[in-house]
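Participant: First the structure, which I've put down as C-alpha cells, then a few questions once you've had a look.
Bear in mind that the values in this text are calculations on the coordinates, not laboratory data. Please read these numbers as outputs of a predicted model, since none were measured by experiment. Cβ placement follows ideal geometry from the backbone for every residue including glycine, while neighbour counts extend to all protein chains displayed.
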Amino acid sequence: MRIFDTHFHVLNFDKPDQKTALLGMDKYHVDKLALLAEEPIYTLKSYRDIREHNKGRMDRLFQWCDGSDGRLLPIWWVNTTDPDAMQQVDEALDRGAVGFKVINETTMPGDGHALQVYQRMADAGKSILFHTGICWDWADMGNFNRPCNWECMMNVENARFAAGHVSWPWTDECLAVYGKFNSLQWHPMYRGQEMYLDLTPGTPDCYRQKLLNTYYDVCYDGMNEHLLFGTDFGTEIFHDGPDAAKRIVDRARQDTELLLKAGFTQETVDKILYQNAMDFWGLKD
C-alpha cells in the first residue's frame, strides 16, 4: 500500500523537525505528505505584521521540506485578500512550492482579485487545494465556503483545484459541483478546468460510510481518478516521535475498508491513496 497524504498541516510556529517526520514515514511506509503551510493572518493587522508573519511561515515551510527528496511537499497557504498575494505566489514558486492552499475566511472565493491570484497559480501549472464546507474557526464564514461558490473557477483557465473535506456538511452539493465541472469539458466555454474531491474528514465517522456509498453510486465519468486521500493531521503528531506516523497508516486502512465496503475496487482504492494525488499535484515518480 502506497500512501500520499495530500492534506497535512504545519502547526503554527512549529519548529521544523524533518528528521523525525522522515524516520516515521520510513518506518510505516508513508510515501509523501503534502505539507500545508501555517495559516495566514486574516484579522486586520498592519501590512508590516502580515509580511513578517508570512516570511516566518514561508521559511519554516521550506525548512520542513527542502532536502526531503520530494517526500515532504511544500504547499503555500495564501490569503488572497493580502495586498501582496501575487508576490507571495511568485516567491513560493521561486522557492519550489508544489502547489497552493486557500481558505476563504472573510470573502467569497471569487471576490476581489482572488480570480487573478488563482489564474497566476494556474498559469504556473500548479494546483489549488481549497478548504470547502463548514470551518470550525473564529468567524461567521460558512457561507463563504459553500461548494457552489466554486463555480467561479469556470473563469480561471486551466485551473486544477480540489474541494477540501468534500465540503462537509454540503457533500451532495459538492458532488453536484464536481458533476458540473466534469461535464464542462464538452461545453464551448471549457478552458481546461479540472476539479478533484478531497475525501479528508470533515465527515464524522458515522456519516463517512454513507458519503462513500453515495459517491460510489453516483460515480460520474472519471471520478475514481479524481478522489484524494488526506488525514487533516499536522506536524504536532511528530512531537510524540516517529511512531506517530502510524496514525496516517491507520487512517489509510480505515478509509480502505470503507471504500471497499462502498463497492470501490482495490485498484481504485490504490489510486485514491497515492496516484490521484500525484496527478493532482503534477508529480511523477
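Participant: What percentages, rounded to whole numbers, describe P(r) for the range 124-165 computed over all alpha carbon pairs with 5 Å bin width beginning at zero?
Facilitator: 5, 22, 28, 22, 13, 8, 2
Participant: Right, another one. Give, rounded to the nearest 20 debye, the magnitude of the charge dipole that the range 24-130 has about its Cα centre when Lys and Arg contribute +1 at Cβ and Asp and Glu contribute -1 at Cβ.
Facilitator: 140 debye
Participant: Next question. Nearest 20 debye, what's the magnitude of the dipole of the chain about its Cα centre given +1 on Lys and Arg Cβ and -1 on Asp and Glu Cβ?
Facilitator: So the magnitude is around 180 debye.
Participant: Taking DSSP loops as anything outside H, G, I, E and B, show the longest stretch in the chain free of trypsin sites (Lys or Arg not before Pro) there with at most 11 other beta carbons within 10 Å.
Facilitator: Answer - 46-283.
Participant: Moving on to the next point. What residues qualify as long-range amide H neighbours of T200, i.e. H under 5 Å apart, gap of 5 or more or another chain, H built at 1.01 Å from N?
Facilitator: Amide H to amide H, under 5 Å and 5 or more residues apart or across chains, T200 pairs with H165, V166, G230.
Participant: Now for a different question. Give me the one-decimal Kirkwood hydrodynamic radius in Å for the range 75-167, with the sum taken over alpha-carbon pairs.
Facilitator: About 13.2 Å, per the Kirkwood formula over Cα pairs.
Participant: Could you state the per residue volume, in Å³, of the convex hull enclosing the Cα atoms of the range 244-285?
Facilitator: 76 Å³
Participant: Also: How large is ³J(HN,Hα) for each residue in the range 60-70, as worked out from phi by the Karplus curve 6.51 cos²θ - 1.76 cosθ + 1.60 (θ = phi - 60°), to whole Hz, x for Gly and Pro?
Facilitator: Values, residue by residue: 5, 4, 6, 5, 5, 9, 4, x, 8, 6, x Hz.
Participant: On to the next question. Compute the FRET efficiency between D66 and Q254 as 1/(1 + (r/R0)^6), taking r as their Cβ-Cβ distance and R0 = 30 Å, and round to the nearest 0.05.
Facilitator: E(calc), rounded to 0.05, equals 0.40.
Participant: Given bins 10 angstrom wide, list per bin the percent of all Cα-Cα distances in the range 134-285, short to long.
Facilitator: Going out from 0 Å in 10 Å bins, the range 134-285 shows 10, 37, 36, 15, 2, 0 percent.
Participant: Answer with one residue from L212, P109, N143: the one whose Cα lies farthest towards the positive end of the charge dipole of the chain, charges on Cβ with Lys, Arg +1 and Asp, Glu -1.
Facilitator: Of the listed residues, the answer is L212.
Participant: Pick out, from N155, V10, G179, the residue whose Cα sits farthest towards the positive end of the charge dipole of the chain, with +1 on the Cβ of Lys and Arg and -1 on the Cβ of Asp and Glu.
Facilitator: In the chain, that residue is V10.
Participant: When the scattering of the chain is computed by the Debye formula from its Cα atoms alone, each counted once and equally, what is log10 I(q)/I(0) at q = 0.07, 0.10 Å⁻¹?
Facilitator: Evaluating at q = 0.07, 0.10 Å⁻¹ gives log10 I(q)/I(0) of -0.23, -0.49.
Participant: How charged is the neighbourhood of I134? Take every other residue with its Cβ under 13 Å from the Cβ of I134, and add Lys/Arg as +1 and Asp/Glu as -1.
Facilitator: Result for the local shell: -3.
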